[in-house]
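Peer 1: Got a structure for you, written out below as structure tokens; questions coming shortly.
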Amino acid sequence: MSSASGGHPAAAEAAATVDPRVTDIIRDSIIRGEYAPNQRLVEADLSAAFSASRATVRTALLELAGEGLVERLPNRGSRVRAISVDEAIEILEVRMGVEGLCAAKTAASISDEDAAALEGLRARMIEAVAEGDLVEYSRLNLYLDVRIRELSRHATASDVLARLHAQSVRHQFKLSSRPQRAKVSVLEHAAIIDAVVARDPDAAERAVRNHLFSVIDALREVSSAESGPVNA
């Protein structure tokens, strides 16, 4: 016989351990560098910090391991997975094709209402950089990426990008916190929005590729400055 809630007790208990809030907080902390690469993620500490059960934290870490942000260690818990610049560049190269596809599809089908919203987002991004609010610019940058995926209505591409973006965005967040890089990046994002709003799929795809090539070049420059040449 089913439980009073209409489901199996074990299933109900498992469902109770899923808390997207905890997963989102840990993910954002990793992306923003609050948890360093290779840093241990202790379930008891995270449970206390987020007022969540250890089972909930464990489920969140498993989800983030599936996204490639967390590494599960046999009999030793979890740690932040270190993603090298070389690996981040490989991910960006894959993203070029898939994000370009999403931008092209969005440009081909965008409504007047959504086009107007993107133009508003464009203005807010430029304003954030002009005011030196790089935290807000990074937030709007991430939102633009997600919004173009949504507007493309390409479920498979969106699923692929959600995973790839989470893995490489850590490095991009570091770049966007540099004022000079943000001034370049915001113009590249404006070009993507302009092409999408103009309903020009080819131009939208080119703008995405140009932006990600620029990100790759910037990552190589930063890596060279910090730790020597990056292997291509």
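Peer 1: Are any residues in segment 188-216 among the charged types (D, E, K, R) and not in a helix (DSSP H, G or I), and if so, which ones?
Peer 2: Arg199, Asp200
Peer 1: Determine if segment 21-31 includes at least one residue that is under 22 Å from Gln167 (Cβ atoms), more than 21 Å from the chain's Cα centre (by Cα) and either surrounded by fewer than 17 Cβ atoms within 10 Å (Cβ to Cβ) or not aromatic (Phe, Trp, Tyr) (or both).
Peer 2: no
Peer 1: Which of the following residues is of a type in the set (Gly, Ala, Ser), surrounded by fewer than 22 Cβ atoms within 10 Å (Cβ to Cβ), under 20 Å from the mean Cα position of the chain (by Cα) and modelled with pLDDT of 95 or more: Ala166, Ala198, Ala190?
Peer 2: Details: Ala166 fails: modelled with pLDDT of 95 or more; Ala198 fails: under 20 Å from the mean Cα position of the chain (by Cα).
Result: Ala190 is the single residue among Ala166, Ala198, Ala190 that is of a type in the set (Gly, Ala, Ser), surrounded by fewer than 22 Cβ atoms within 10 Å (Cβ to Cβ), under 20 Å from the mean Cα position of the chain (by Cα) and modelled with pLDDT of 95 or more.
Peer 1: Mind listing just one residue for me: the one in segment 77-94 that is part of a loop (DSSP other than H, G, I, E, B) and of a type outside the set (D, E, K, R) and, of those, farthest from Arg40 (Cα to Cα)?
Peer 2: Selected residue: Ser84.
Peer 1: Hey, any hits in segment 45-55 for a residue that's in contact (Cβ under 8 Å) with a residue 40 or more places away in the chain and open to solvent by 70 Å² or more (accessible area, probe 1.4 Å)?
Peer 2: No.
Peer 1: Something else about it: Please find, within segment 151-163, the residue that is farthest from Leu118 (Cα to Cα) out of those that are loosely packed, with under 13 Cβ neighbours inside 10 Å and modelled with pLDDT of 90 or more.
Peer 2: Result: Thr156.
Peer 1: Could you list all residues from segment 74-90 that are surrounded by fewer than 21 Cβ atoms within 10 Å (Cβ to Cβ), β-branched (Val, Ile, Thr) and either closer than 17 Å to Arg163 by Cβ or touching a Lys or Arg at 6+ places or on another chain (Cβ under 7 Å) (or both)?
Peer 2: Result: Ile83, single match.
Peer 1: Moving to a separate point now. Given the criteria farther than 25 Å from Glu150 by Cβ, in contact (Cβ under 8 Å) with a residue 12 or more places away in the chain and of a type in the set (Asp, Glu), does Glu63 qualify?
Peer 2: no
Peer 1: Pull out all pairs, ordered by first then second residue, where Cβ-Cβ is under 8 Å, the residues are six or more apart or on different chains, the first lies in segment 15-40 and is under 17 Å from Leu62 (Cβ atoms) and acidic (Asp, Glu), and the second is at pLDDT 80 or above and in a helix (DSSP H, G or I).
Peer 2: From residues that are under 17 Å from Leu62 (Cβ atoms) and acidic (Asp, Glu), the pairs are Asp19/Thr56; Asp19/Thr59; Asp19/Ala60.
Peer 1: While we're on this one: Just need a number here: residues in segment 130-140 that are open to solvent by 20 Å² or more (accessible area, probe 1.4 Å) and part of a helix (DSSP H, G or I).
Peer 2: Result for segment 130-140: 5.
The values are calculated or read from the model by the stated rules, or taken from the named source; none is laboratory data. Since this is a predicted model, take the numbers as computed values, not measurements. Cβ sites come from the backbone with ideal geometry, for glycine too, and all protein chains shown count toward neighbours. Only protein heavy atoms, including side chains, enter the accessible area calculation; ligands, DNA and RNA are left aside. Shrake-Rupley method; radii C 1.70, N 1.55, O 1.52, S 1.80 Å.
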